[in-house]
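Below you'll find the structure, written out as structure tokens, and then a few comments.
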Amino acid sequence: MSWKFTGETPIYIQIMDEIKLRIARGRLKAGDKVPSVRELAVMAGVNPNTMQKALSELEREGVLYSQRTSGRFVSDKMPGGSDVKNDVGQKYIKTYVDEMRLLGYGDDELAELVNRYIEEERENE
Amino acid sequence: MSDLVEISGVAKHYGTKKVIFNNLNLSLESGKIIGLLGPNGSGKTTLIKLLSGLLSPASGTILIDGKSIGPESKAIVSYLPERTYFNESLKVRNLVNMFKDFYADFDEQRAYDMMNLLNIDANMTLKKLSKGNKEKVQLIMVMSRRAKLYLLDEPIAGVDPAARDYILQTILTNYEPTATVLLSTHLIYDIEKILDEVIFIKNGEIVCHKPADELREERGMSIDEIFREVFRC
């Protein structure tokens, strides 16, 4: 019934990340109506107040917007022009770069390694 | 600021030797789902019984919505005891009628809706239900009241994980948004995501009372892990 949550991060932040991921992957599209707080809370198996907090924060970030009488919707652009997909993508790149640096790879190798990986994957198809 | 529950200076002991609470002070706000977490024997059930009026404190005061414990407080408190107390030869339907007679805030339709979802036959006698279904019926009765305070003593102990999910969902779907749910458990992992606040109780002392997400952020751990650390022997 519920979404997966891990321990250490506050749940409202994990909900925000999950909703952004769904937008980035196209499962939620610009203009889509978001279910009510109550419905979403039951879907995710979380406290309605926690869901409320996550949605308000997403609104503050411009990922969602609310229309007074008809509910909450997914917006197409975040303020400053960056879109959600870009935002999520940047996060993955950061993870890659951080982890590779920890393994001792030099910054100049990182792009090359990605290219080589993609090539090898193609050859194996 | 008027809190839903105000406990001040409460002492409670069983006999002369067994002291449960010495000087308990606790305030609970409306509209929260609060986990009462502590090891066995820490005072969880005693606290819940004090709030439900089954036990009286030796000293101190307890107010629920400004009312002292008595018929007035009981009318707005819905209590799920640790053990079932229903007459096993009753049919589920009789139980619904009994609750309807006893509690003005009981919503019969809501009870039948929940039972339909679960395929529980209202014409069955309680003793013919499985343990899990019996616990669910009991929870349905308690959650069908439109109460201001729900006291759930170990609502998920002793049922399988699928039933646990169902029970949590029932709590989430049915509690009144302005009401507070106080639920005690030692199965923290399963419930921590539905909690607004946690109360850690240890030997009758409240060692921590905080918003769940704040605690998680502060310590960088799940409530379950923090609990294991706080109560490590």
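I'd like to know if segment B:81-94 contains one or more residues that are of a type in the set (Val, Ile, Thr), free of Cβ contacts under 8 Å to residues at least 24 places away in the same chain and more than 16 Å from residue B:201 (Cβ to Cβ).
no
Hey, any hits in segment B:202-211 for a residue that's under 26 Å from residue A:9 (Cβ atoms), free of Cβ contacts under 8 Å to residues at least 12 places away in the same chain and either within 12 Å of chain A (Cβ to nearest Cβ) or more than 15 Å from the chain's Cα centre (by Cα) (or both)?
The answer is no; no qualifying residue exists.
Kindly list the number of the only condition in (1) surrounded by 18 or more Cβ atoms within 10 Å (Cβ to Cβ); (2) within 14 Å of chain A (Cβ to nearest Cβ) that fails for residue B:12.
Status for residue B:12: all satisfied but (2).
Does residue A:14 meet the test of being within 10 Å of the chain's Cα centre (by Cα) and either within 14 Å of chain B (Cβ to nearest Cβ) or assigned to a loop (DSSP other than H, G, I, E, B) (or both)?
So residue A:14 fits the description; yes.
Restricting to segment B:180-199, and then to whatever is away from chain A (no Cβ under 12 Å) and surrounded by fewer than 22 Cβ atoms within 10 Å (Cβ to Cβ), can you tell me which residue is nearest to residue B:84 (Cα to Cα)?
B:185
Applying the selection to segment A:17-54, what residues are surrounded by fewer than 21 Cβ atoms within 10 Å (Cβ to Cβ), in a loop (DSSP other than H, G, I, E, B) and within 14 Å of chain B (Cβ to nearest Cβ)?
A:35, A:36, A:45
Please indicate, with yes or no, whether at least one residue in segment A:58-78 is within 14 Å of chain B (Cβ to nearest Cβ), surrounded by fewer than 16 Cβ atoms within 10 Å (Cβ to Cβ) and within 24 Å of residue B:216 (Cβ to Cβ).
Within segment A:58-78, none of the residues are within 14 Å of chain B (Cβ to nearest Cβ), surrounded by fewer than 16 Cβ atoms within 10 Å (Cβ to Cβ) and within 24 Å of residue B:216 (Cβ to Cβ).
Which of the residues that make up segment A:1-16 are among the hydroxyl-bearing types (Ser, Thr, Tyr) and buried (at least 17 other Cβ atoms within 10 Å of the Cβ)?
A:12
Of all residues in segment B:174-217, which are of a type in the set (Asp, Glu) and out of contact with any helix residue (DSSP H, G or I) (no Cβ under 9 Å at 6 or more places or on another chain)?
B:176, B:205, B:214
Filter segment B:203-221 down to the residues that are surrounded by fewer than 19 Cβ atoms within 10 Å (Cβ to Cβ) and more than 20 Å from residue B:184 (Cβ to Cβ) and list them by number.
B:214, B:217, B:218, B:219, B:220, B:221, listed by residue number.
Hey, does segment B:63-72 have a residue that's in contact with a strand residue (DSSP E or B) (Cβ under 6 Å, 6 or more places away or on another chain), closer than 30 Å to residue B:9 by Cα, surrounded by fewer than 16 Cβ atoms within 10 Å (Cβ to Cβ) and not hydroxyl-bearing (Ser, Thr, Tyr)?
Within segment B:63-72, not a single residue is in contact with a strand residue (DSSP E or B) (Cβ under 6 Å, 6 or more places away or on another chain), closer than 30 Å to residue B:9 by Cα, surrounded by fewer than 16 Cβ atoms within 10 Å (Cβ to Cβ) and not hydroxyl-bearing (Ser, Thr, Tyr).
Which condition does residue B:174 not pass, out of (1) modelled with pLDDT under 90; (2) out of contact with any strand residue (DSSP E or B) (no Cβ under 9 Å at 6 or more places or on another chain); (3) under 19 Å from residue B:84 (Cα atoms), if it passes all the others?
Condition (3) is where residue B:174 drops out.
Would you mind stating whether residue A:4 is part of a loop (DSSP other than H, G, I, E, B), of a type outside the set (Asp, Glu) and under 25 Å from residue B:175 (Cα atoms)? Before you say what the answer is, go through the steps one by one.
Details: part of a loop (DSSP other than H, G, I, E, B): yes; of a type outside the set (Asp, Glu): yes; under 25 Å from residue B:175 (Cα atoms): yes.
Against the criterion (part of a loop (DSSP other than H, G, I, E, B), of a type outside the set (Asp, Glu) and under 25 Å from residue B:175 (Cα atoms)), residue A:4 qualifies.
Identify all residues within segment B:167-179 that are facing another protein chain (nearest Cβ under 10 Å) and surrounded by fewer than 19 Cβ atoms within 10 Å (Cβ to Cβ); write none if there are none.
The answer is B:169, B:173, B:177.
The values are calculated or read from the model by the stated rules, or taken from the named source; none is laboratory data. This one's a predicted model, so the numbers in the text were calculated from it and none came from an experiment. Positions of Cβ are backbone-derived with ideal geometry, glycine not excepted, and every protein chain shown enters the neighbour counts.
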